[in-house]
Amino acid sequence: MKVDILLGLQWGDEGKGKIVDVLTPQYDIIARFQGGPNAGHTLEFDGIKHVLHTIPSGIFHPTAVNLVGNGVVIDPVIFKRELDNLAPFGIDIPKKLLISRKAHLILPTHRLLDAASEAAKGKAKIGSTLKGIGPTYMDKTGRNGIRVGDIELPNWKEKYRALANKHEAMIASYKADIQYDLAELEVAFFGAIETLKTLDFIDSEAYLFDAMAQGKSILAEGAQGSLLDIDFGTYPFVTSSNTTAAGACTGLGIAPNKIKEVFGIFKAYTTRVGSGPFPTELFDEVGATMGRVGNEFGATTGRPRRCGWLDLVALKYAVAINGVTQLMMMKGDVLSGFDKLKVCTAYNYQGKTITHFPYDIDPELVTPVYTELPGWKEDLTGMTQADQLPKELMAYIEFLEVELGVPIKIVSVGPDRKQTILR
Ligand code: GDP
Ligand code: IMO
Ligand code: MG
């Protein structure tokens, strides 16, 4: 039996989907533990690119069961679209995809509330993906939410109507210019609920207890990144769930002492999409090159991602919060061609040099302190073995391992499944 967790250490989009797909053959169950369709997890193999939002990234392998855990919020409309996209690939969905009864549903009015809240915030907006994530988790913690298990009950539409009515009053109170036709949105919503009902809803914690008792192996798949965590991220510019390792325990019902490895994924540089502070952000040609070469556009919203140098102050913080046991460095190929690479090893914070991640990392307070390392020119994308990697890249990796105190076990050199080097 083993339970491992895989999660992002930055502001999301580190390449979680790709690595979950690569690791899936080693596991019996792949279980998403938090977030919802704000996530966009990209996988590439056989010349095809797939983007998953709610469905775990183990779905393309023949054996593993994929579980959408209790900590996840599900938009039936987006979920149905994901299933439609998978239809050509001959996957036995009812057998391979299970849903926790305790997962909460994103209603059409949650999406509208997200839009109204963002519009009302004006310049201070979070830059939400507008998928209704915040309002749905608010209803969960406010004890008003509708769960997947509810839709098996005869009176759930009354509960739905009462909540939707309340939401409409709330939307109006924002006085934001939100145009909508709820009746039309509900046709799509209730249609998609019927599709959702073709899957097995389960008491997923009990399913996982049994799986563990039978010695099965489980990989918990995170969404977003540690710096978007509701408690430990750059609040308020965060998402509404615990994206960190603890979220895997609450989002699946797995006890902390069952967790073995915590795989932490990071890009060789940093990106962020949406608003919020980003100390190492670059506004020059170097940042533009990272964005262009790295194709840094959001997998869910298509928005350009902000780019900057690797921030080791933030990364060390994420390693500590999650108890990371193995690191995976993604997109090293994107850094090929720079003469010098910079890595932020400390912050200048109100005149003092600090190495811990402070309460507020607003650029007005924080200036990054950089260490420079030599770059490499070689194209990495065709490399398959660690001994082919240029010596400057090896020096970069070894520098990070010393700073972070955790080994880097995978180096990813391209989006394809095959472009993955084990060390
Ligand atoms: P996730 O949300 O963490 O699963 O990451 P995304 O899928 O949102 O973003 C990662 C992007 O980088 C996707 O377009 C991947 O196909 C791509 N990608 C992943 N690993 C690599 C890599 O090593 N090199 C390059 N160039 N692209 C990669
Ligand atoms: P994956 O799983 C990157 C960001 C949004 C916004 C903030 C809050 O693909 O790494 P929300 O819609 O959650 O209320 O938005 O969080 N965000 C992500 N950024 N990758 C993601 O997921 C993200 N999910 C949310 O851009 O800044
Ligand atoms: Mg993503």
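The values are calculated or read from the model by the stated rules, or taken from the named source; none is laboratory data. Quick caveat: nothing in here was measured; it's all calculated off a predicted structure. Every residue, glycine as well, gets a Cβ built from its backbone with ideal geometry; the counts of neighbours run over all protein chains shown. Surface accessibility is based on the protein's heavy atoms, side chains included, excluding ligands, DNA and RNA. Shrake-Rupley method; radii C 1.70, N 1.55, O 1.52, S 1.80 Å.
A convex hull fitted around the alpha carbon atoms of the chain yields 141 Å³ per residue. Counting only heavy atoms of the protein chains and using a 1.4 Å probe, E372 has close to 100 Å² of accessible surface. The long axis of helix 182-196 is offset from the longest Cα principal axis of the chain by roughly 80 degrees.
If you sort C344, C249 by accessible surface, 1.4 Å probe, largest first, the order is C249, C344. The calculated 222 nm mean residue ellipticity attributable to helices in the chain amounts to -9500 deg cm²/dmol, summing -39500 (n - 2.57) over DSSP H runs of n ≥ 4 and dividing by all residues. The residues of the chain expose on average 41 square angstrom of accessible surface per residue, using a 1.4 Å probe on protein heavy atoms. Derived from the Cα gyration tensor, the three semi-axes of the equivalent ellipsoid of the range 184-262 are 27, 24, 8 Å, largest first.
Compute the angle between helix 312-322 and the longest alpha-carbon principal axis of the chain, please, reported from 0 to 90 degrees and rounded to the nearest 10. Its long axis makes an angle of about 50 degrees. Take each peptide in 408-421, 315-328, 66-79, 279-292, count the other Cβ atoms within 10 Å of every residue, and average; sorted highest first, the result is 66-79, 315-328, 408-421, 279-292. Here the accessible area is traced with a 1.4 Å probe on the protein chains. For the range 1-40, carbon and sulfur cover 43 percent of it.
Please give the helix 76-86 orientation as an angle from the longest Cα principal axis of the chain, in degrees from 0 to 90, rounded to the nearest 10. Value to nearest ten degrees: 60.
G294: net charge of surrounding residues, Cβ under 9 Å, Lys/Arg +1, Asp/Glu -1, itself excluded? Within the 9 Å Cβ shell, the charges total +2.
Segment S173..F399, full-extension length gain: 76.1 nm, with 0.36 nm per residue of separation and the alpha-carbon distance subtracted. For the residue pairs K123/K159; K96/K409; K391/K418; K102/K157; K16/K80, the C-alpha atoms sit more than 27 angstrom apart in K123/K159; K96/K409.
Considering only alpha-carbon pairs that sit under 8 angstrom and 6 or more positions apart, the relative contact order computed for the chain is 21 percent.
Overall, the accessible surface of the range 258-383 at a probe of 1.4 angstrom is composed of carbon and sulfur to the extent of 53 percent. Annotation: lysines with alpha-carbon distance below 29 angstrom to K121 (same-chain offsets under eight excluded): K131, K140, K166, K175.
Residue order by solvent-accessible surface for Y174, Y137 is Y174, Y137, largest first, with ligands and nucleic acids left out and a 1.4 Å probe.
Other residues within the sphere of radius under 12 Å centred on the Cβ of I106, judged by their own Cβ, net out at +1 (K and R +1, D and E -1). Computed about its Cα centre, the charge dipole of the chain is approximately 520 debye, with only Lys, Arg, Asp and Glu carrying charge at their Cβ.
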